[in-house]
Structure formats: structure tokens, C-alpha cells
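In what follows, a single structure is set out as C-alpha cells and then discussed.
The values are calculated or read from the model by the stated rules, or taken from the named source; none is laboratory data. Every value quoted in this text rests on a predicted model; they were computed, and no experiment measured them. Cβ coordinates were reconstructed from backbone atoms using ideal geometry, including for glycine residues, and neighbour counts include every protein chain displayed.
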Amino acid sequence: MGKMVIYPGSFDPITNGHLSILRRALTIFDSVTIAVASNPIKKTLFTLQERVEMIRESVKNDDNVSVESFTGLLVDYVGSKKTNIILRGLRALSDFEYEFQLSLMNRKLNRNIQTIFLMTDYKWFYTSSTIIKEAASLGGAINGLVPEIVCTKLKERFGFQ
């Protein structure tokens, strides 16, 4: 079994920026598990199952990628997967501050956990799930920013065809 990394997030919804990070990770790691977080505190547009299904459809042609949901502490989930590596994507300095805090907390909870950061491609620097949802809610063109299945689901959710 090769080196596996866990790529966690809410992915509400997954974007092409997320997929860019995923595909770059596949050049470093033998396999990637996308771990979709169930966080009852966070208000999501899509249910956990909808997010998992959209991601599975988006990565169906990517070898060595699995998609799962999880609840509870990320460090516990990572440990259950027989790896100790978490992958996170960064866009800007503000992302780094938040991700750095999370990384330190994860290390406090489990000293064996390592977090690897990949910078987003410049093409995706300005995109986020939040901004894409906002644009979609107002009928904005989001084609090319998200996988086709996500584009379709966002249009359906907001009543645009």
C-alpha cells in the first residue's frame, strides 16, 4: 500500500480549484481520500449525501481517489484510515492563518498528524465555494468554475435553468 493523504473539507460545493489541488496531490501521493465533513454547526447549501454524490461524479475518472464522509474529529478519522497526512489547499494569506491554527490544533490532538499545504493555481485564486454559491444564487454564470454536475445542481437549487 502506497502513501495516502486525506483531503478534508465541507466541499459545499466542490470547485474546480479543489479538483486542481486534488490532481496535483495525485502527482505526490499514491492515493487521495476526499473526506467530506459533517459539521452540524456549519450551515450548508447541500446535504452531506448530495456533496458526496457530486464529488464522486466529479472524480469518477480519477484513479486512486475515494470519497467518504466523516463525523467527529478529523484526527480520529485520519488515524482510522491508517495514514497521518492531511492535505489542505491555500489561496491567500487569510487562508494560511486559519489553516495554520487548524494544523496546530490537530497536532495538539495527535502529535503524529502532519498537514501538507498546496497553493492553489493562480487560475483559481479568487474562487471559493461561498463566492460561487452567491453568484449562482443571483443567476451568475458559474460555468468553468465548478464541475458540470455542480453547475447543474446549483442552477436547480436556485431555480435557474
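Tabulated results
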read-out	value
Residues (over 10 Å from residue 13 (Cα atoms) and touching a residue at least 24 places away in the same chain (Cβ under 8 Å)) located in segment 129-148	136, 144, 145
Given (1) buried (at least 16 other Cβ atoms within 10 Å of the Cβ); (2) basic (Lys, Arg); (3) farther than 17 Å from residue 19 by Cβ, index of the condition residue 42 fails	(1)
Residue match in segment 32-51 (condition: without any contact (Cβ under 8 Å) to a residue 12 or more places away in the chain and of a type in the set (D, E, K, R))	yes
Some residue of segment 25-47 being closer than 22 Å to residue 102 by Cα and of a type in the set (D, E, K, R)	yes
Number of the condition not met by residue 141 [criteria: (1) assigned to a helix (DSSP H, G or I); (2) over 21 Å from the mean Cα position of the chain (by Cα)]	(1)
Test: residue in segment 66-76 that is modelled with pLDDT under 95 and charged (D, E, K, R)	no
Residues being touching a residue at least 60 places away in the same chain (Cβ under 8 Å) and either closer than 16 Å to residue 25 by Cα or of a type in the set (Gly, Ala, Ser) (or both) - total across segment 54-87	5
Conditions (1) under 17 Å from the mean Cα position of the chain (by Cα); (2) on the phi < 0 side of the Ramachandran plot: number failed by residue 80	(1)
Single unsatisfied condition, residue 123 versus (1) exposed (fewer than 13 other Cβ atoms within 10 Å of the Cβ); (2) within 23 Å of residue 30 (Cα to Cα); (3) of a type outside the set (Asp, Glu)	(2)
Pick from segment 54-74, criterion of a type in the set (D, E, K, R) and farther than 16 Å from residue 15 by Cβ, ranking: surrounded by the most Cβ atoms within 10 Å (Cβ to Cβ)	68
Those residues of segment 46-66 which are under 18 Å from residue 133 (Cβ atoms) and in contact with a Leu (Cβ under 8 Å, 6 or more places away or on another chain), in sequence order	58
